[in-house]
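**Q** Below is a structure I'd like to ask you about.
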Amino acid sequence: MSTPVELELQEINRKLDFLIEHAERMERRVSALEDLKSDLMPIVNEIMKAAMENLEEVAPELTLERILSLLKKLAVNLGTIEQLIDRAVAANELITDMQPILNDITITVMEKLDEYERKGYVDFIRTMANALDRVVTGFTREEVEAFSDNVVLILNTVKSVTQPELMTMVNQVVSVTRKIEYDEIRNPSVLSLVKDLSSPEIRRGLAFFLRVLKEASHQPALPPAGGKLN
């Protein structure tokens, strides 16, 4: 059984071990700080050197009066600065709140673009762009100006052509033309042509075209580009 003296010596040794261990930890920390200081000092010196060089360039402008004036303006406009900070915070919160919506919009747009590409819209637009490029490179400036001078007349012509009655007639003519083979038509005689004139259908067709020619001859002469008559 240990005596009181031995117990006291053991307690002293335990405390000494604790102090030695603590001192060793402090020594390691000091050594680490010294190493960090050795590594940072060159960087700090370079920063101080660059700062001093830049301050030397603006030293003539950096007067006490200007510094005091700047501080005064900051003090006077603290309310405005606070409002700007509040607005920046509000804008940041708004962006944060809208982020899910923006993500949904982005996903929707990407899905629509993928759908349009699968349907052929992208290829169609690319083809139209190539066609437009050919039109632009295939016409001179004078030709484009002439086209712009007659664009109203062209649009009116297109409007007239797209009338249902005229489109129906044109469609019928095209359909009939497709059915008729030109090479199969033999060289007709004058007698056969006169005989064909006895057909009511042919007489109506000739009367129609003669009426068109007659009405066209009664139309006023169209002015050239620029709107002037020769």
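The values are calculated or read from the model by the stated rules, or taken from the named source; none is laboratory data. Keep in mind it's a predicted model, so treat the numbers as computed, not measured. Cβ: placed from backbone, ideal geometry, glycine included. Neighbour counts: every protein chain shown. Just the protein is used for accessible areas: all its heavy atoms, side chains included, with ligands, DNA and RNA removed. Shrake-Rupley method; radii C 1.70, N 1.55, O 1.52, S 1.80 Å.
**Q** What shape does the stretch 1-119 take by its C-alpha gyration tensor, where a ≥ b ≥ c are the square roots of the eigenvalues and a/c under 1.5 counts as rounded, a/b above b/c as prolate, and the rest as oblate?
**A** Values: a/c = 2.73, a/b = 1.54, b/c = 1.77.
The shape class here is oblate.
**Q** Using a 1.4 Å probe, what is the accessible area per residue for the chain, in Å²?
**A** Values: 21630 Å² over 230 residues.
Heavy-atom SASA per residue in the chain reads 94 Å².
**Q** Tell me, what % of the accessible area of the chain is carbon and sulfur with a 1.4 angstrom probe? Please report the intermediate quantities before stating the final value.
**A** Values: 13780 of 21630 Å².
Carbon plus sulfur share of accessible area: 64 percent.
**Q** Excluding residues on the same chain fewer than 8 positions from residue 49, give the lysines whose Cα lies under 22 Å from its Cα.
**A** 37
**Q** A follow-up question, please. Using a Cα-Cα cut-off of under 15 Å, which aspartates and glutamates could be cross-linked to residue 73, ignoring same-chain neighbours fewer than 8 residues away?
**A** 65, 82
**Q** Looking at the chain, identify the longest residue range that excludes and avoids all GluC sites (Glu not before Pro) in DSSP loops having at most 11 other Cβ atoms within 10 Å.
**A** Numbers: sites that count: 61, 181.
Looking at the chain, 62-180 is the longest stretch - no exposed GluC sites (Glu not before Pro) with at most 11 other Cβ atoms within 10 Å.
**Q** Here's a follow-up. Pull up the cross-link candidates among the lysines for residue 159, meaning alpha carbon to alpha carbon under 23 Å and not fewer than 8 places away within one chain.
**A** Reachable lysines: 214.
**Q** Now for a different question. State whether the chain is rounded, prolate or oblate according to the following rule on the C-alpha gyration tensor (a ≥ b ≥ c being the square roots of its eigenvalues): a/c under 1.5 gives rounded; otherwise a/b larger than b/c gives prolate, and the remaining case gives oblate. Walk me through the intermediate numbers first.
**A** Values: a/c = 4.81, a/b = 2.88, b/c = 1.67.
Prolate is the answer for the chain, as a/c is 1.5 or above and a/b outweighs b/c.
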